[in-house]
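The values are calculated or read from the model by the stated rules, or taken from the named source; none is laboratory data. Small disclaimer: the values here were computed from a predicted structure and weren't measured. Quick reminder, even Gly has a Cβ in these numbers, built from the backbone with ideal geometry, and neighbours come from all protein chains shown. Quick note on the areas: whole protein, heavy atoms, side chains included, nothing else; ligands and nucleic acids left out. Shrake-Rupley method; radii C 1.70, N 1.55, O 1.52, S 1.80 Å.
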Amino acid sequence: MSRPAPTAARVRAQATFDTLTFLRNGEQTLVSIVLPALALVGGVLAPWPDLGPGRRVDVVVPGVLALAVLSSAFTGQAIQTGFDRRYGVLRLLGASPLGKGGLVLARVIAVMVVQVIQFAVLSVVGLLLGWRPDVVGVLPFVVFWCLGTTTFVGFALLFAGTLRAEATLALANLVWVLMLGLGGILIPGSTLPEPWSRLVSYLPSAALGDGFRSAFEHHGLPLQPLLVLLVWAAVLSAAAARFFRWSD
């Protein structure tokens, strides 16, 4: 019997497979790229709702980039993982030389590769609409990107590892819609009336959107969104590790 490939090679092969599977799925492509692009164009060109001071494009583009993270790290990952668990794929891969740790790492890498593609497409659309980001904001953007991805992957695994696949599909799409409309991603929480404005500021979606906007507008790491994401990332990752089931 041949010896298993090195760990790095196994993780790389699985990450490549997961990335291609994700991109070939029409529903995932729709949720991850097409819908955020439509939200970007509509948000910039529409005269409403009020997005606060400054140019609309400077508010909308970072918000749509945050929506892209939500789409791929949470909605897409929850649905894919939920059905993989239902059909026994996770159990088989977890028992293979790849191992459970290698599988999780490969999934995270695949999500971030998809996000790079999302960012590239959406940034081009944003530039065509007049967005002119400052390069100085890239570093704080990357910090919030990594934290946001960790948070929403943990949320996705908690859904996919505890619910039936059909329930995961329905609820993941519902959460996506709710966070899009009321979660502070596209519409900054600061523009909402009290007490909703304060409540929204503690959601991971609002923290990610505010973090992205601050990165490109003020080139800094705002403390509250950073702490909110850190807390959510820790709580959701711990809950996923505790309750995730590898098979039905």
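Run the simple label-point estimate for residue 177 and residue 142 please: 7 Å along Cα→C-beta, distance reported in nm.
That separation, rounded to one decimal, is 3.8 nm.
Where in the chain are the DSSP H helices whose alpha-carbon span along the long axis reaches 27 Å or more and whose Kyte-Doolittle mean is at least 1.0?
99-128, 138-162, 223-243
For labels at residue 7 and residue 20 in the simple 7 Å Cα→Cβ model, what's the distance in nm?
2.5 nm
As a test of the formula, what do you get for the chain when each DSSP H run with n ≥ 4 contributes -39,500 (n - 2.57) and the sum is divided by the residue count, at 222 nm and rounded to the nearest 500 deg cm²/dmol?
Computed mean residue ellipticity for the chain: -23000 deg cm²/dmol.
How large is the charge dipole for the chain, taken about the Cα centre, if only the Cβ atoms of Lys, Arg (+1) and Asp, Glu (-1) carry charge, to the nearest 20 debye?
840 debye
Most mobile of 69, 61, 31 per a Gaussian network model of the chain (Cα springs, under 10 Å)?
Taking springs between Cα atoms under 10 Å, the residue moving most is 31.
Have a look at 236, 129, 40 and tell me which one the Gaussian network model of the chain (Cα, springs below 10 Å) gives the largest fluctuation.
Result for the chain, Cα springs under 10 Å: 129 fluctuates most.
Ignoring ligands, DNA and RNA, what percent of the 1.4 Å accessible area of the chain is carbon and sulfur?
Reported share for carbon and sulfur atoms: 72 percent.
For the chain, what is the accessible area per residue in Å² when the probe is 1.4 Å?
About 48 Å² of surface per residue is accessible.
Of the options 38, 62, 20, report the single residue whose Cα projects farthest towards the positive end of the charge dipole of the chain (beta-carbon charges: Lys, Arg +1; Asp, Glu -1).
20
How much length is gained on full extension from residue 129 to residue 87, taking 0.36 nm per residue of separation minus their Cα-Cα distance?
Separation in residues times 0.36 nm, less the Cα-Cα distance, equals 10.8 nm.
Testing the spin-label approximation: label points 7 Å from Cα along Cα→Cβ at residue 234 and residue 248. State their distance in nm.
If labels sit at residue 234 and residue 248, their model points lie 3.6 nm apart.
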